[in-house]
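Here, each number is a calculation from the coordinates, and none is a lab measurement. Remember, it's a predicted structure, so these values are computed and weren't measured experimentally. Positions of Cβ are generated from backbone atoms using ideal geometry, with glycine treated the same way; all protein chains shown enter the neighbour counts.
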Amino acid sequence: MSNATLLVASVLTVGAALGHAVLGEQRLVRPLIAARGWAQSEPLISTVIRLAWHWTTALILFTAYVMYVAATEPASISSSLVMALGLIYLGAALIDLILSKARHDAWPPMALIGFLTIYSQI
């Protein structure tokens, strides 16, 4: 297991989470809510969309934390859990690449995080 590689993946994941929160709010959540007029007509819809978006960010941060703990305290986190995280990131990157036809900026960092996380377990 490569602890340094997993630490790099963890740091990249924190960066991805911050990008997800800030850029997603600016480029997706706000425009979507504004275009549909939900902020005024359906405030619950806008609240749920925003909550779901930022809850996803919190889950991304949690995966960064799991990677960090696995790198700094390897005995406390199962290698198979870390491998599963890597496969999930890699799978999400592949799905994003295909469905967005490579137009969504998130697939390269997701793929890199996935590769680094898997590599750290080999």
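For the range 79-111, residues that are within 17 Å of residue 4 (Cα to Cα) and surrounded by fewer than 18 Cβ atoms within 10 Å (Cβ to Cβ) total 2. Can you confirm whether the range 49-68 contains a residue that is among the hydroxyl-bearing types (Ser, Thr, Tyr) and more than 29 Å from residue 7 (Cβ to Cβ)? No, there is no match, as no residue in the range 49-68 is among the hydroxyl-bearing types (Ser, Thr, Tyr) and more than 29 Å from residue 7 (Cβ to Cβ).
In a helix (DSSP H, G or I), touching a Lys or Arg at 6+ places or on another chain (Cβ under 9 Å) and among the small types (Gly, Ala, Ser): does that describe residue 80? In short, no.
None of 11, 69 is aliphatic (A, V, I, L, M) and more than 15 Å from the chain's Cα centre (by Cα) except 69.
Candidates 98, 122, 118, 49: the one that is within 20 Å of residue 12 (Cβ to Cβ), β-branched (Val, Ile, Thr) and assigned to a helix (DSSP H, G or I) is 118. Within the range 13-24, the residues that satisfy the criterion of being surrounded by 19 or more Cβ atoms within 10 Å (Cβ to Cβ) and among the hydrophobic types (A, V, I, L, M, F, W, C) are 16, 17.
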